Amino acid sequence: MTTSNGSILVCRRVDFSVQAPGGHLDILNDISLDLNKGETLAIVGASGSGKTTLLGLLAGLEQPTAGEVWLAGENMKTLDENARARLRRRNVGFVFQSFHLLPSLTAVENVMLALEIAGLDRVRERALEALEQVGLSHRLDHYPRQMSGGEQQRVAIARAFSSDPVILFADEPTGNLDRQTGQAIADLLFGINRDRGTALVLVTHDLQLAGRCGRIEEIEDGRLVRSTTPDPGNRLQLIEGGQRQ
Amino acid sequence: MNAFSLSARLLLRQGRSGALLILASGLIVATAALVAVGSFTDRVGRALERQAGEALAADLVIAGGERIPAAFFDHAESLGLATAEVISVSTALFVGEDSQLVDVKAVSKSYPLRGQLRLADEAAAEDSARSHGPERGSAWMDPRAQRALDAEVGDRAELGVLELPLTAILTYEPDRAGGGFGFAPRLMIHLDDLLASELLGPGSRARYRLLLAGEERALASFRQWFADQRLDGQRLITVGDAEDQTGLALTQARRFLGIAALTSVILAAVAILLSALRFANAQRDLVALLKTFGAGAGRIMTALSLLLFYLVGLSILIGGVLGWVAQGLIGQILAEGPETALPAARAWPVLSSGLFTLLLAAAFALPPLLSLRRVPTMRILNRSLDTRPGLAGALWLIPVIGALTIPVVQLGDTRLAVIVLGGSAALAGCLALAGWLAMLGTGALARRARASWRFGLAGLQRRRAGGIVQVTALGLGLMALLLLVIVRAELLEQWRGSLPADTPDHFIINIQPDQVESARSALLEQGADNLQLRPMATINLAAVNEQPPPDHRMAGQVNVSWIDHLPPANEIVAGSFFRSDARGETSLAQMWADNLGVQLGDELTFESGAQRFSARVTSIREVDWNSFNVNFFILLTPEAADFLPHQFIASFYLPDPKAADLRAVSRSLPNLSIIDVGAIIERVGEIIDQVSRAAQVVFAFTLLAGLVVLLAALESTRDERRHESALIRTLGADNAMVRRGLLIEYGVMAMIAALLATLASALTGWLLAAELFGFAYRPSPMLFVLGFSAAAVLVVGSGWIGNRSVLATPPVRILRTGN
């Protein structure tokens, strides 16, 4: 699919429901969307609207109960959990609200672990380059507990793009950070998207952050209810404003 | 909802949670170890009580190295006392093709004066009481003799020149020291048969006893009379003395088991504390919620205490059953089968162990639960407002101290307990230190590792404190078992192997001077090798440099020999050995000289009967006592043969014991006592084996407690592991990679525990060998193979059980956890 129309992520009529004591509980309903290489997409919605579940399905962390998700040309319906994990290794990067670094590893080791899982060579050099890009060359051998929230998130971003994925999923990446640090982290994410052509899927409450994406999908009660394209001028202004920070 | 229904609901809902299961396991292991040892101790205690008052088979005994004169019997009878005579002698007994060193006890018709004998018609048959000893012309053997000689009732036994039919199996005799745990097997015959057997020649080393029973006043009167009439070498034995003797062996076995139980209890306490902390931590949200809904702190605390109480009740039940089975096993192993069985187990020790488990729970599980009282209601709104979980104040030290003190008191020897506890603490400290260093090593390794290795070793680093506790607990349990199972057997085997091939394995005592040549030729004819025949006399040390000798157990009566050249296995360390024509000189063993403070040039004065003579110390010898040659503390110059009454002692090696017919030697020279050292060593080995097998049962609980600590530590870090596993799966690790990481973490931990346990047991073995036996112990590959494979199976196996939920954690969890 990527070859035919350039889509890196395709989601077709996806439903997701769970078995609850009172019967089926529908969490996502009839979701369809596409994302091309280098595109940026924000998924916004209220708490409990299903946006995090959608992110999990798009990244292959879970299987939909109906419909299909194609990631990097692979239909994930045909893949078991291990095969989906292998698909993520090379194609997907993650940034989380709570950073999720391994506390017993230093900054550089956290990045190296992701590269090793991806089976790449020259892991140390690549990890050093990535940390340099996020401005953390001076914090290489520090443990997460010795770093601020913003620094930890920068390590997480370095970990996410160091293996050069085609798509980066970010779940409330600025949710645990103050406004200024959050802005800097957002700049980093959009900078990677711009410089490396990595597609970016953002789940956020922050409409200003969402406004920097090429497209915003709004989710309500498990359905995509509105798709908007922010004014490119505004986007550019936001990006440049961010860069000036 | 009242506290009862709240606690019942909590138990039902949380019953399957890992923390509660492990808390229960800790309580079960502690109960089982205590019940096993407590019940066994109780049975032994009752066996001793049963014997109380019968331990002499009389009220008073006169013992001596020579036959008790008839005047003693006459006087006792004139006072209205009942009398009996017992003569014991160690000698070889032949049945069919088999021979065995036995302790022959010959008794007069009135024996026993107190208590009863018990006899069975055949092995394993029901026994019945008998109030007097065997008739003339018949012999009774104990079950051990029956097994050693492979004999049956009806077989004929050869004893000196006598041939007697074995007519019954003797299952109980009241005055047998140590009950069924004595040294040599027993044969009981009539006194007249022994007197006719020619076994009681001069110097036969028989033990003679006069048994007395009757009125207290008559006994007191006899004691007074005896004080004046006492002959050399005679002594009075009271019931108290006999009980002390009887209890000694069993008390030591009991202490050994008590120590093993103590280590299990300590490890179980660690497991209980860890799992209670984990359980309490998991309940903080619930407690905050209940408080928000208006439940009072008092009611919540009552409910949690009740929950613990139910759990303890259940654990006592299960642990009680396990301990009951184990104590039966220990009793069987130590009593060598049911025929010398101890009194039946009873419920009291189970109850007292149960009470102790309750105390253990109060000391180690209740404080973490009760600390929940301080959980602030605000936690429900914001977790960061929670107080730090911890143990309640210093008041809780009381049950903790109680829980640790009671087993020490039960051990009955505070000094020993302090030494053992101190020793174990030091050992645990060393293991923990070594564990910490090993962890540091793996940390350095982790920096150079890749993917699964990095993940696995990082996990080990992250949980380093827990890992050290686990490695130490498991290392201790494993080391105890390795010492008992492998090192003990290897030590004995290597010690035997360290002796030269022609090391004497037989001794003959009581050879009279006129029998020396016939004994020599008879022994050579049977193929005796390395034969040494040495004179021996028993004399008293009367003075050192004309001063009374020091008060030391080695002073007084000593065995001496004389020779004109330095004997083998002796080395002069001071002075020079006397020339063959020297007179009035003596050579001393260093150990004896050091103990009595005697030096070169000192003059020693000896007495033998009416003889008194002196000798000057001209050399000091270092003696290799392990050589099994006949050696003496004191060697005199050869002229001593002219004036000292003496006999000869022979030592020799029998290359082919099957082909040799020592019975012929025994038949032609019936007063000779042949001692088969090999058989004695074997019997010592059997006794050690028996006690260690019993201890293994208890140490199995120690290992089990170590495993529970491991599981408790696993359980307390389960959430952390699940989180890490979900994270690396999200990053693209497949199941195999996660499994490999966990396997590496546990495998490395197992290797560290195994390395510590095997090295520590090999080192202990080496120290024992060097200090006690004087040879260099070489641990076999088996020690390492078994140590490493046991650790691998135990750690990786329990890691597997404890981590099933970790492997099953879906990666999407990472999106749903806040931290």
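Taking the C-alpha atoms only, the angle from helix B:516-525 to the longest principal axis of chain B is near 50 degrees. Averaged over the residues of peptide A:80-89, the number of Cβ atoms from other protein chains lying within 10 Å of each residue's Cβ is 5. Taking 0.36 nm per residue of separation and subtracting the Cα-Cα distance, full extension of the segment from B:Glu152 to B:Asn735 would add 203.3 nm. The overall shape of chain B, judged from the alpha-carbon gyration tensor, is prolate: a/c is not under 1.5, and a/b is greater than b/c. Close amide H contacts of B:Val104 (hydrogens built in the peptide plane, cut-off under 5 Å, sequence separation of 5 or more or a different chain): B:Val89, B:Ser90, B:Thr91, B:Leu187.
To the nearest 10 degrees, how steep is helix B:297-334 against the longest Cα principal axis of chain B, on a 0 to 90 scale? Once rounded, the angle reads 30 degrees.
Pop the C-beta distance of B:Ala129 and B:Leu236 into the FRET formula with R0 = 30 Å and round what comes out to the nearest 0.05.
0.55
Counting every other Cβ atom within 10 Å of each residue's Cβ, A:Cys213, A:Cys11, B:Cys430 order from fewest to most as B:Cys430, A:Cys11, A:Cys213.
The ellipsoid equivalent to the alpha-carbon distribution of the stretch B:529-653 has semi-axes of 21, 17, 14 angstrom, derived from the gyration tensor eigenvalues as √(5λ) and listed largest first. Report summary: the helix-based calculation at 222 nm, which adds -39500 (n - 2.57) for every DSSP H run with n ≥ 4 and divides by the residues of chain B, gives -17000 deg cm²/dmol. Extension gain for the segment B:Leu440 to B:Glu198, taken as residue separation times 0.36 nm less the Cα-Cα distance, is 79.8 nm to one decimal. Helices meeting the span-like rule in chain A (full DSSP H runs, Cα extent of at least 27 Å along the helix axis, mean Kyte-Doolittle score of 1.6 or higher) are absent.
Using a Förster radius of 56 Å, what is the FRET efficiency between B:Glu77 and B:Ile318 based on their Cβ-Cβ separation? Nearest 0.05, please.
0.35
Per-residue 3J(HN,Hα) values for the stretch B:152-167, derived from phi via the Karplus relation 6.51 cos²θ - 1.76 cosθ + 1.60 with θ = phi - 60°, read 10, 4, x, 5, 10, 10, 9, 9, x, 8, 8, 10, 10, x, 8, 9 Hz in sequence order (x marks Gly and Pro).
Note on B:Met378 and B:Asp551: the model spin-label points, each 7 Å out from Cα along the C-beta direction, lie 7.5 nm apart. Where both bridge residues fall in chain B, DSSP classifies roughly 85% of the beta bridges as antiparallel. With each label modelled as a point 7 angstrom along the Cα→C-beta vector, the B:Arg207-B:Val325 pair spans 4.1 nm. If you plug the beta carbon distance of A:Asn82 and B:Ala344 into 1/(1 + (r/R0)^6) with R0 = 51 Å, you get a FRET efficiency near 0.30. Exposure proxy ranking for A:Thr229, B:Thr538, A:Thr53, based on other Cβ atoms within 10 angstrom of each Cβ and starting from the fewest, stands as A:Thr229, B:Thr538, A:Thr53. In degrees, nearest 10, range 0 to 90: what is the angle between the Cα axis of helix B:397-411 and the longest Cα principal axis of chain B? That works out to roughly 20 degrees. Taking the number of Cβ atoms within 10 Å of each Cβ as an exposure proxy, the fewest-first ranking of A:Asp206, B:Asp642, B:Asp142 is B:Asp642, A:Asp206, B:Asp142.
Taking all Cα-Cα distances within the protein assembly as shown, those exceeding 55 Å account for 40%.
Please get the size of the charge dipole for chain B, origin at its Cα centre, with Cβ charges of +1 on Lys and Arg and -1 on Asp and Glu, quoted in debye to the nearest 20.
The calculation lands at about 7220 debye.
This model, with +1 at the C-beta of Lys and Arg and -1 at the C-beta of Asp and Glu, gives the protein assembly as shown a dipole about its Cα centre of some 6300 debye. Summarising the label geometry, the points placed 7 Å from Cα in the beta-carbon direction at B:Asp285 and B:Ile401 lie 4.0 nm from one another. If the segment from B:Leu499 to B:Phe775 were pulled out straight at 0.36 nm per residue, it would be longer than the present Cα-Cα gap by 98.4 nm. Think of chain B as having a plus end and a minus end, set by charges on the Cβ of Lys, Arg, Asp and Glu; of B:Asn629, B:Leu304, B:Leu662, B:Leu304 sits farthest toward the positive end of this dipole.
3J(HN,Hα) along the stretch A:224-231: 7, 9, 8, 10, 10, 10, x, 4 Hz, from the Karplus curve 6.51 cos²θ - 1.76 cosθ + 1.60 with θ = phi - 60°, whole Hz, x for Gly and Pro. The 3J(HN,Hα) values that the Karplus relation (6.51, -1.76, 1.60; θ = phi - 60°) gives for the stretch A:18-23 are, in residue order, 10, 7, 10, x, x, x Hz. Gly and Pro appear as x.
Computed from Cα atoms alone, the Kirkwood hydrodynamic radius reported for the stretch B:82-213 is 14.6 Å.
Bear in mind that the values in this text are calculations on the coordinates, not laboratory data. Because the structure is predicted, anything quoted here is derived from the model rather than measured. Quick reminder, even Gly has a Cβ in these numbers, built from the backbone with ideal geometry, and neighbours come from all protein chains shown.
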